[in-house]
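So the structure is just underneath, and the comments pick up after that.
The values are calculated or read from the model by the stated rules, or taken from the named source; none is laboratory data. No experiment lies behind these values; they were computed from the predicted model shown. Here the Cβ positions follow ideal geometry from the backbone for every residue, glycine too, while neighbour counts run over all protein chains shown. Surface accessibility is based on the protein's heavy atoms, side chains included, excluding ligands, DNA and RNA. Shrake-Rupley method; radii C 1.70, N 1.55, O 1.52, S 1.80 Å.
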Amino acid sequence: MTLTEARDFLRAELLAAAAGAVPGYEGVVTHDVGPVNPGVLSDGSGPDTICSITVENGDPSVTDPAGELAAAVAALTARGWQTAVAPVENGHHRATAERDGFQVTVHAWDNEWRLTLSGETPPIEA
């Protein structure tokens with residue numbers, strides 16, 4: 001898989017999960033800076049790069065972090081992702097998902113209507 005294909009796949013998966021989590025609303029890409037080399041500043045590592053993307057979604061009239069997180073997890077699971085839900089900590093609801101080296105984290109907070117999905121592609125030689 002090329003870096004462009006990996007980025008497009010991740011973006012589509014995040015948008016699909018965000019839409020599945022909040023019926024009637026489409027997710028919005030809030031962060032997508034393109035390929036980066038995460039180790040270049042610390043260790044000068046070679047040409048492997050990743051893409052990091054963040055998508056947000058929510059219904060301003062509904063505050064249901066547990067329900068939205070559960071719906072996002074269900075959407076990711078239905079699409080073939082391996083998911084895990086972390087215990088709620090200080091009002092922070094969180095789940096992780098993995099598929100073929102791709103990583104996703106889903107965040108929701110008590111008293112907040114936004115759901116945030118962040119993902120990274122596996123390292124790919126550019």
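Annotations
- Residue within segment 41-60 that is among the charged types (D, E, K, R), assigned to a loop (DSSP other than H, G, I, E, B) and modelled with pLDDT of 95 or more present: no
- Conditions (1) among the hydrophobic types (A, V, I, L, M, F, W, C); (2) at pLDDT 95 or above; (3) in contact with a Phe, Trp or Tyr (Cβ under 7 Å, 6 or more places away or on another chain): number failed by Trp81: (3)
- Residues located in segment 92-126, provided they are open to solvent by less than 70 Å² (accessible area, probe 1.4 Å) and touching a Pro at 6+ places or on another chain (Cβ under 8 Å): His93, Gly101, Phe102, Ala108, Glu112, Leu115
- Boolean, Val29 is of a type in the set (A, V, I, L, M), modelled with pLDDT under 85 and either out of contact with any Lys or Arg (no Cβ under 9 Å at 6 or more places or on another chain) or open to solvent by 10 Å² or more (accessible area, probe 1.4 Å) (or both): no
- Of all residues in segment 84-108, those that are closer than 27 Å to Leu3 by Cα and assigned to a strand (DSSP E or B) have Cβ atoms under 8 Å from Cβ atoms of residues that are of a type in the set (Phe, Trp, Tyr) and open to solvent by less than 90 Å² (accessible area, probe 1.4 Å), 6 or more apart or on another chain, in Ala97/Trp81; Glu98/Trp81; Arg99/Trp81; Phe102/Phe9; Val104/Trp81.
- Set Ala70, Ala12, Ala66, Ala21: member being surrounded by fewer than 19 Cβ atoms within 10 Å (Cβ to Cβ), at pLDDT 90 or above, under 13 Å from Arg114 (Cα atoms) and under 18 Å from the mean Cα position of the chain (by Cα): Ala66
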